[in-house]
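S.K.: Sharing a structure, written as structure tokens. Questions coming.
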Amino acid sequence: MNKSIKIIFSLFAVVSLSSFKNSNGLDVDSNLVKNEKTATSPLTDSVKTLVIAPAEITNAMKKEKKKKIALVGNFGYSYRINEVDPSLSGILKQHVEKLKSGYSYDITAYYMYLKTMGFGLKYNVHNASQTTSNLVFTDSDGRSTYGGISDKISVDYFALAYIAKTPRSKTGEAFFEMSLGYMHYSNDYIFISEQGKYTGGNLGLSFGFGYDFQIAPNFLIGPKINFATTTLSSVQAENKLTGTKENLTLKDNKKIGLTRIDFSVGATVSF
């Protein structure tokens, strides 16, 4: 009984001392406060985990979220590197030589299944044209004909594409790209008084490389060198004046080579 009274008295003294310190603007014993702050129960820890963990996971997911879609566009100068028909000479040869220079543009949509690898669909166009006027042609009978020649060439390329990139640095990223698809050729021509069109197509291959400089996290721009190739062994010839069409098989030295190199500047937008 006496022991219980002593315990109650001691607790009363502690509570009274604490109340006295608070009422006089004094701090309660720092050890008591520290113990109150640090003392937690398993239930409290569980509640904190349930509240904090989802936020931490969400922030981590945001940081790790990858941009899955990349749209790439390129525009620039292109040059066909196939040899000119050796049977041509003079003005005709010069005309065909000038047709080797043109321009190209393309757009590719990639799905990036990894940060540095993706596959997608590519559409590429190469255009070249040349007109040579005030020409005189003499036939085997010695008759002369005056006129001009004109060619307007377009090569359309539809392909499946693959891209591989280096990990992005502070300045940007290097990349390698290749594609395989169908290459379609058309040439609207005028030869003196004759007007017609040649069309044909074949399986084509393209590959290139370049470097993209980072302008913003989702926008890059940079130079690219690209190679594209195919060969046509047959074409369809259409006479626009008569409306007749004819399929032509080309001999080895008459086949149409569409191998070219493109020097372009491209932009990439990812989201």
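The values are calculated or read from the model by the stated rules, or taken from the named source; none is laboratory data. These figures come from a predicted structure and were not determined experimentally. When we count neighbours, we look across all protein chains shown, and the Cβ atoms used for this are built from the backbone with ideal geometry, even at glycine. Just so you know, the surface numbers come from the protein's heavy atoms only, side chains and all, with ligands and any DNA or RNA stripped out. Shrake-Rupley method; radii C 1.70, N 1.55, O 1.52, S 1.80 Å.
S.K.: Can you tell me the FRET efficiency between F75 and T138 if r is taken as the Cβ-Cβ distance and R0 is 41 Å, rounded to the nearest 0.05?
M.R.: 0.45
S.K.: At 7 Å along Cα-to-Cβ for each site, give me the label-to-label distance between S129 and Y182 in nm.
M.R.: 2.6
S.K.: Stick to the Cα atoms of the stretch 136-232, pair each with every other, and give me the Kirkwood hydrodynamic radius in Å at one decimal.
M.R.: 17.2
S.K.: Which sequence of H184, H126 reflects their accessible areas, 1.4 Å probe, from the largest down?
M.R.: Highest to lowest solvent-accessible surface, that is H184, H126.
S.K.: Further, regarding this structure: Holding the Cα-Cα limit at 30 Å, pick out from K165/K255; K98/K245; K165/K251; K93/K165 the pairs that are longer than that.
M.R.: Check vs 30 Å cut-off fails for K165/K255; K165/K251; K93/K165.
S.K.: Report Rg (one decimal) and Dmax (nearest whole number) for the stretch 141-184, counting Cα atoms only, units Å.
M.R.: According to the Cα coordinates of the stretch 141-184, Rg and Dmax are 22.9, 72 Å.
S.K.: With a 10 Å radius around each residue's Cβ, average the other Cβ atoms per peptide and rank 213-225, 243-255, highest first.
M.R.: Highest mean packing first, the order is 213-225, 243-255.
S.K.: Over 5 Å intervals from 0, what percent of Cα-Cα pairs in the stretch 198-250 sits in each interval?
M.R.: 5, 15, 14, 12, 11, 9, 9, 8, 7, 7, 4, 0
S.K.: Once both labels are modelled 7 Å past Cα along the beta-carbon direction, what's the K67-F227 spacing in nm?
M.R.: Here the answer is 3.0 nm between the modelled labels.
S.K.: Something else now. Tell me, what is the FRET efficiency for Y146 and T244 to the nearest 0.05, using R0 = 35 angstrom and their Cβ-Cβ distance as r?
M.R.: 0.85
S.K.: Given a 1.4 Å probe and the protein chains all in place, what does the accessible area of V269 round to, in Å² to the nearest 10?
M.R.: The accessible area of V269 comes to roughly 60 Å².
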